[in-house]
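Working notes, beginning with the structure itself.
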Amino acid sequence: MKNNNYSIEHALFIKKQKRETLIVNAFRLGVFFAIFFLWELLVNIGVLDGFITSYPSKIAITVYELFKSGELLTHIGITLYETLLGFFISVSLGYITALILWWSERLRRVFEPYIVVLNSLPKIALGPVIIVWFGSGEKAIIAMAVLISVIVCVLSMLGAFLETDKDKILLLKSMGASKFTIMTKLVIPGSKEAFVNMLKIALGMAWIGSIMGEYLVSKAGLGYLIVYGSQVFKLDLVMASTVVLLLLSGAMYYLVTLLEKLLIKNKKYG
């Protein structure tokens, strides 16, 4: 009888969660379309200057024209390549560095102040140096993406590793577990949520880094289109590139949330 009651309650809970998810998604879409509808309306009635702010219908036409000419896919491909490569390098390097610093307290005490200082440094100030070191091509853009993302990855994961339950560590030590075993069986599995959160942060930072790099040196990419459009006062091109950039970053964020559901199966998401 208890089992039946539990099953019914569990089914009702699942149903409620699904209904809540549908409501949240409906509101998300509603807000999305409301913003563009209001934007178009304000331009049509003269509240906003369409030349300065552009407007959704004009942006759609610009995106279509870019797609038809083949330029859109080319610029998207370049920016995606730079962003994804910078993202994967940052995540890998940041995760490994955080593990090393967790493993060695001495190294952590030596390098942690430098990491914090580097994190507070305005990365754009290093733009000229990066151009000199890596040239004026995609290497400089990827380097900028890595530079902006990697420190955040290190600090996020190091904080998660250090927050591992000390009592559990002592228990494993009392059972004769080695430090490597503690790392692989407790520290790493226990930091899954922090890892996913780090991915979300690193993804945004990688986008910032790649676009910032394209501002400085690129001759192609969405960042280049934004800079070019602003220079020749083609603000439709600027806004169209920005909207495409937002859609791409949103799609990548959605992929990270799917990974989150796979890694943390016991948690419910809306």
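Observations on the structure shown:
- Computed over neighbours whose Cβ is under 12 Å from that of G50, the net charge equals -2, Lys and Arg +1, Asp and Glu -1.
- Rounded to whole Hz, the Karplus (6.51, -1.76, 1.60) HN-Hα couplings of the stretch 79-93, x for glycine and proline: 5, 4, 4, 5, 5, 5, 5, x, 5, 5, 5, 4, 5, 5, 5
- Shape parameters for the chain, alpha-carbon atoms, Rg then Dmax in Å: 23.5, 75
- Kirkwood Rh and Cα Rg combined as Rg/Rh, the stretch 32-77: 1.10
- The stretch 52-263: relative contact order as a whole-number percent, Cα under 8 Å and 6+ apart: 31 percent
- Neighbour-limited loop hits for chymotrypsin sites (Phe, Trp or Tyr not before Pro), the stretch 167-251 (at most 12 other Cβ within 10 Å; DSSP other than H, G, I, E, B): F233
- Karplus-derived 3J(HN,Hα), 6.51/-1.76/1.60, for each residue of the stretch 235-241, Hz, glycine and proline x: 5, 4, 5, 4, 5, 5, 5
- Helix 138-162 axis, angle to the chain major axis (alpha carbon atoms, nearest 10°): 30 degrees
- Per-residue HN-Hα couplings for the stretch 243-251 [Karplus 6.51, -1.76, 1.60; θ = phi - 60°; Hz; x = Gly/Pro]: 5, 4, 4, 5, 5, 5, 5, x, 5
- Those aspartates and glutamates that a straight Cα-Cα span of less than 16 Å connects to K58, excepting residues fewer than 8 apart in one chain: E40, D49, D236
- Total formal charge among the other residues, if their Cβ is under 14 angstrom from that of G213, Lys/Arg +1 and Asp/Glu -1: 0
- Calculated Rg and Dmax of the stretch 127-270 using C-alpha coordinates, Å: 20.4, 69
- Using alpha-carbon coordinates, inclination of helix 192-217 to the longest axis of the chain, degrees: 30 degrees
- Taking every Cα-Cα distance in the stretch 74-174 and sorting them into 5 Å bins starting at zero, the pair-distance distribution P(r) comes out as 2, 12, 17, 19, 17, 12, 8, 5, 3, 3, 1, 0 percent.
- The helix-only estimate of mean residue ellipticity at 222 nm for the chain, built from DSSP H runs of length n ≥ 4 each weighted as -39500 (n - 2.57), is -28000 deg cm²/dmol after division by the residue total.
- Set K123/K219; K123/K234; K139/K219; K123/K200; K15/K200; K68/K219 screened for pairs whose C-alpha atoms are more than 24 Å apart: K123/K234; K15/K200
- Ratio Rg/Rh, restricted to the stretch 1-48 and using Cα atoms, in which Rh is the Kirkwood radius: 1.50
- Gain upon complete extension [I45, K18; 0.36 nm per residue less C-alpha separation]: 5.7 nm
- Stokes-Einstein D in µm²/s, Kirkwood radius over Cα pairs - the stretch 16-109 at 10 °C with 1.306 mPa s viscosity: 87 µm²/s
Read-outs throughout are calculated quantities, based only on the coordinates presented, and are distinct from any laboratory measurement. As the structure is a computational prediction, the values presented were derived from the model and not from experiment. Don't worry about glycine lacking a Cβ; one is built from the backbone with ideal geometry, like all the others, and counts go over all protein chains shown.
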